[in-house]
Amino acid sequence: MSPILEQILYGGSSVSMNLIGITRSIPDDQRLFRAQGLNKAILFKYPNFDERADDYANPILEDEEDADIGVRPVETGIYVPHSVDAPEAGGLAIYLRSRNSDVLLAEQFGISASGGNDAAADLRTLSLIDSVPSLDPFLLKACFEAEKVSVDARHWLISDAEDQQLRRLIRLRIEPIVRKAIEGGTANSQSIERFLEAIWNPELEEAGLFVSAFGIERGEADAIFSAWKGTTFYEYQLRRIAPRARTILNWLKSRECIPVDIRMHKPYETQLLMHIEKVGKLLETTLMDIRQILSDYETSFSAFMNGQPEPFRDYLRKIRSHYWLLGYCVSALTSVAHLDARCMKNNPSRKLYFEMIHKLLRQFDVALDRRREQKGAF
């Protein structure tokens, strides 16, 4: 199995959405797509950062705020297995932003821009999914609700309790800024509540009023609020996976990472050590990018609360690029943690044999790779 296919199948819910399993118990007329072939596929996210940046550089270019590769460096693919009962046996992939995607979607699923209402609905659904950096159920659900697109709740794999808890956490994080921006000592609680409601409904007038208070066009409210919610969601998600990520990084830097049977593979020892070092640097860079984004947020937030709105205004203007980079980084860490947990299950000593650590490093490498090759078949 190719490491990219392994990532699609086993990388975790942030990077893949297995519609084969999800829709199995959902009636045909209530499934996510009208074209049933799409409901027998696996959606996945993959990074596609600027090729001019090296593996360890900041991949978001400040002068490309309007370019897809600058602002949306994570793309969406559709994996169609030859057999839905054995997706690991291979299949083909379609990438939504590739030049011939419309032709491939028409050939594989029979949907096109001129295909009527059902095809238009499916294309819109794919577009909405592609507008989010990861496949986390909470973010997808929020995206579809904001666009008033009805989807059977069974697709999201998130309980109402968890959804409400995340919404409360996001509200608590954003509320002080909203109050500071509009209060001025005179706004009443009802007015503030309307502004907070605009977080989840950018069509409300208050959403435009909020961004215009920072000198930003009202038409940007939807994109800014979506990115703001997403950034806050990733911040909380990071708290759950950061300890595991640090454990993995420390392990990669220690002698414990050396295979127990390294003497039997002496000819490959130098190559393995170089691979360990490379993966460790990629993981460290990912953590550093996250720290930088969150540090910028905290700095601008503190300045705003102390009466200096300019840094926070600048942060909001760049929040989309920060949102997409943070989405990639957190999803990559989540995938690495998920792969590590699968490998280390029932192995508290974290001692591995050569073949197993070689496979794990290959999986880590793909999960952290920022310029993944597009493959039409696996």
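The values are calculated or read from the model by the stated rules, or taken from the named source; none is laboratory data. The structure presented is a predicted model; accordingly, all values stated were derived computationally and were not measured. Here the Cβ positions follow ideal geometry from the backbone for every residue, glycine too, while neighbour counts run over all protein chains shown. Note: areas computed on protein heavy atoms with side chains; ligands, DNA, RNA excluded. Shrake-Rupley method; radii C 1.70, N 1.55, O 1.52, S 1.80 Å.
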Sum -39500 (n - 2.57) across every DSSP H segment of at least 4 residues in the chain, then divide by the residue count to get the 222 nm mean residue ellipticity, nearest 500.
-18000 deg cm²/dmol
For Asp296, Asp261, Asp163, Asp28, the accessible-area ranking with a 1.4 Å probe, largest leading, is Asp28, Asp296, Asp261, Asp163
With charges set only on the Cβ (+1 for Lys and Arg, -1 for Asp and Glu), what does the dipole of the chain come to about its Cα centre, in debye to the nearest 20?
1420 debye
If you work out percent of Cα pairs over 28 Å apart from the coordinates, which of (i) 40; (ii) 46; (iii) 50 do you get?
(iii)
How high is the FRET efficiency from Arg362 to Arg167, r the C-beta distance, R0 35 Å, rounded to 0.05?
0.40
Ser349 accessible area, assembled protein chains, probe 1.4 Å, Å²:
70 Å²
Which of rounded, prolate, oblate describes the range 161-227, given a ≥ b ≥ c as roots of the alpha-carbon gyration tensor eigenvalues and a/c under 1.5 marking rounded, otherwise prolate only if a/b is larger than b/c?
oblate
In nanometres, what is the gap between the two model label sites at Tyr353 and Lys375, each 7 Å from Cα along Cα-to-Cβ?
2.5 nm
Per 0.36 nm of contour for each residue apart, how much would the distance between Glu175 and Asp314 grow if the chain were fully extended, relative to their Cα-Cα spacing?
48.1 nm
Between Tyr236 and Ile26, what length comes free when the chain is fully extended (0.36 nm per residue of separation minus the Cα-Cα distance, one decimal in nm)?
72.5 nm
Looking at the range 100-194, which trypsin sites (Lys or Arg not before Pro) are in a loop (DSSP not H, G, I, E or B) and have at most 16 other Cβ atoms within 10 Å?
Lys148
Surface per residue (accessible, 1.4 Å probe) for the range 208-326, Å²:
51 Å²
Where in the chain are the DSSP H helices whose alpha-carbon span along the long axis reaches 27 Å or more and whose Kyte-Doolittle mean is at least -1.0?
160-182, 221-252, 269-305, 319-344
Column: log10 I(q)/I(0), Debye, Cα scatterers of the range 184-292, q = 0.10, 0.13, 0.19 Å⁻¹:
-0.55, -0.69, -0.99
Taking 0.36 nm per intervening residue step and subtracting the Cα-Cα distance, what contour gain separates Ala113 from Val260 on full extension?
47.3 nm
Local charge sum around Gln271 (other residues, Cβ-Cβ under 15 Å, Lys/Arg +1, Asp/Glu -1)?
0
Contact order relative to length of the chain, as percent, for alpha carbon pairs under 8 angstrom and 6 or more apart
23 percent
Shape call, the range 323-376: gyration tensor on alpha carbons, a/c limit 1.5:
oblate
Pairs Lys45/Lys351; Lys141/Lys180; Lys141/Lys229; Lys281/Lys318; Lys253/Lys375; Lys45/Lys141: which are spaced more than 24 Å apart, C-alpha to C-alpha?
Lys45/Lys351; Lys141/Lys180; Lys281/Lys318; Lys253/Lys375
Accessible surface, 1.4 Å probe, highest first, among residues His82, His358:
His82, His358
Total formal charge among the other residues, if their Cβ is under 14 angstrom from that of Glu256, Lys/Arg +1 and Asp/Glu -1:
+3
Percent of accessible area on the range 311-378 owned by carbon and sulfur, 1.4 Å probe?
48 percent
